[in-house]
Amino acid sequence: MLETLAVAASQALTLTNFFGAALGIFLGSLLGAIPGLNGTMAIALLIPVTYTWSPLFAIAMLVGCWKGSVYGGSISAVLLNAPGTPEAAATALDGYPLTKQGKAGKALKMALYASVIGAVFSDALLMVASPPIAALALMFGPAELAMLILFALVVVADTGAKSQLKGLISTALGMLLATVGLDPITTQQRFTFGSIDLDAGIGLLAMLIGLLVMSEVLVQMEEGWKEAHAEAMVKSDDPNASRVTWPELKGCLGTIFRSSILGSFCGALPGVGSITAAFMGYDQARRLSKHPERFGKGELQGVAAPEAANNAVCGAGLIPLVTLGIPGALSAAVIMGAFMIHGLAPGPMLMVEHPETIYGLFMLLILSDFFMLIIPLPLMKAGQWVVSVPRAYLFPVILALCVIGAFGTHQNLFDVKVMVFFGVVGYLMKKWELSPAALLIAFILGPMAEVYLRQALKISGGDPSIFVTKPLAALFLALSLGAIVWTVLRNRRSKKTA
Amino acid sequence: MIQNRMDFKLGIGLAVFCIFLLVYLIPKHVGPLNEADALMPTLVTGFVLLLSLLLAVQAIRRPGDKQHGAESHSGTKGSRWYTIALVVVIMSAYAWLLDITGFVLTSLGAMVALFLVFGVKRWLPILAISLGTLGGLYLCFDIMLGAPLPVGTLVETFLE
């Protein structure tokens, strides 16, 4: 073990990798701060640039970008009351009132410190929890793994869709699209329509960029965006208005740790995500506060709690990815795509086959948390300018990046056409209230699910009762059915309350 | 009376697509439904068919959410539809022309067209941002990553 850690450290702790992590945080903070862009879009656009780089450098940069974007969202939330990313919406509740009091600097710095503490906590949990979970997962057979993926898909179906039914439809469509190309076991052509380009299936990156980036531009065009114009910053005479004092930080530490635990829990569970985590963090801070009446009027704990929680999602969100091969959130799904492009198949075998790379990545993640203390500082200073970049100037550049990004990985023009096609599909899906996120995650998990399902059926001689007679498989099947029933009941209850 | 027209149309459309898959596409482009290759596509299509019919039935009984449902989309302004359609046409042309006119010419044309569609009227920022982006992309992909961007058959012929 120690030898593995030493090799991992020697591979990971290099200047080049430090630069990668720092660059990711910078780009993530920058793009996250601009309303209309988000971390997932940023990661999707950056993946093509990384394909010739070492896996450690590339993945450290992409995860850094994820973390940076989660923090970056708080910059526009605090300065403009316009969250740069959805997970920063809770931060705006108290961050913007602080700005109006002339304490924008204080709010942004508290958000930064809480983000860093949340991220360190979550990464430490990732390091500690991943090896035992992966070891446990190694004992699973095809039947257990097939049912585990089914459970993950059912949970993920709730991500982004208007109703559970539409989420399940999106998930099933993703699995159907995953069957395009050569059969994973018999190599028989399926839905290729005689095209060589489709033999390897639909290009993941092209589909991802189309579904997540191009479609988002079309949706924002339809909704008609209102350009963000930062108001002149209110100046305060208080010398402490732009910094966080030690008593203030100490007063928030309890909240930050509780939110970090909540955020990590949400991150480790597939489908829960950072938006829920941020609001849960905010809510627990308000309920446990001695002065709940101050929340919504510029309470520092109201900034610290959601920021610690939404950043704690990132590291913990990698736990199911690294150990089980199941992405817990959309950004994790995009990073899973990066793992695959770099020849690392996420799942329990990852820790057996590439322990140095994985432990090296863990080290870089913790290190990148400390970079977060320094790198976003210039962005805070340039905050007003950054958050006001007009989208009319931004979107043509993003669309050009989409085209070149889709082309760049495989140098294949067919992928560009695929990207445009899925851009339109993603736009229509959002319009019909289906979930591109659920479709994408199902598309990634589909081939694995198929292989395990067929292997299990081969072992049982075609008898599907194997999924009920194996205790763990039966448990995951029951959990899947339970998740569906629970969501139906929850939706009925919320409709009645409404 | 159908309560939620958008969901009803979606459900029926998906159901028809699934039947087409089960009756024609899977047998023709995968194999007989009872073979191992066709197991997953058949299972998943059957599941989508079931869910689509459920969606259609639900749409007959339950009205859509007034704020987020079909009604909200009917308010989309005609000019925005036109702009979205224009962007899709430009992007499609961009994808198809890359092979013929190459990265530089196609990207420059597409970016200028997109800027105009997005309402940017000043030529200096249009050209500066377009050329800057293209230069950056060329530097990044062609020179730094060694991943040549398409030159285009037409440009190649012209250069020869």
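The values are calculated or read from the model by the stated rules, or taken from the named source; none is laboratory data. Just so it is clear, the model here is predicted, and its values are computed rather than measured. For neighbour counting, all protein chains shown are included, and Cβ atoms are generated from backbone atoms with ideal geometry for every residue, glycine included.
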What are the pairs with Cβ atoms under 8 angstrom where one residue, in segment A:310-328, is closer than 17 Å to A:Thr357 by Cβ and the other, located anywhere, is of a type in the set (Asp, Glu)? Sequence gap at least six, or different chains. A:Gly315/A:Asp123
Restricting attention to segment A:1-41, report how many residues are free of Cβ contacts under 8 Å to residues at least 12 places away in the same chain and either among the basic types (Lys, Arg) or not in a helix (DSSP H, G or I) (or both). 2
Would you confirm whether or not segment A:113-127 contains a residue that is buried (at least 24 other Cβ atoms within 10 Å of the Cβ) and not small (Gly, Ala, Ser)? yes
Across segment A:155-202, the tally of residues that are more than 12 Å from chain B (Cβ to nearest Cβ) and within 19 Å of the chain's Cα centre (by Cα) stands at 5
What's the total number of residues in segment A:418-465 that are within 17 Å of A:Leu145 (Cα to Cα) and charged (D, E, K, R)? 4
Just give me the residues in segment A:265-292 being polar (S, T, N, Q) and farther than 12 Å from A:Pro306 by Cα, in sequence order. A:Ser289
Sort through A:Leu479, A:Leu489, A:Leu399 and tell me the only one that's within 26 Å of the chain's Cα centre (by Cα), among the hydrophobic types (A, V, I, L, M, F, W, C) and more than 8 Å from every other protein chain (Cβ to nearest Cβ). A:Leu479
Find the helices (runs of 4 or more DSSP H) located wholly in segment A:342-383 whose residues include 3 or more that are among the hydroxyl-bearing types (Ser, Thr, Tyr), and list them. A:355-371
Restricted to segment B:118-160 and to residues being crowded, with 17+ Cβ neighbours inside 10 Å and in contact with a Ser or Thr (Cβ under 6 Å, 6 or more places away or on another chain), the residue nearest to B:Ala93 (Cα to Cα) is B:Gly152
Regarding A:Leu439, is this residue in a helix (DSSP H, G or I), at pLDDT below 85 and out of contact with any strand residue (DSSP E or B) (no Cβ under 7 Å at 6 or more places or on another chain)? no
Taking the conditions exactly as written (under 23 Å from the mean Cα position of the chain (by Cα) and either surrounded by fewer than 21 Cβ atoms within 10 Å (Cβ to Cβ) or in a helix (DSSP H, G or I) (or both)), does A:Ala89 satisfy them or not? yes
Report those helices (runs of 4 or more DSSP H) wholly inside segment B:1-65 carrying at least 3 residues which are among the hydrophobic types (A, V, I, L, M, F, W, C), more than 9 Å from every other protein chain (Cβ to nearest Cβ) and out of contact with any Leu (no Cβ under 6 Å at 6 or more places or on another chain). B:5-20, B:36-61
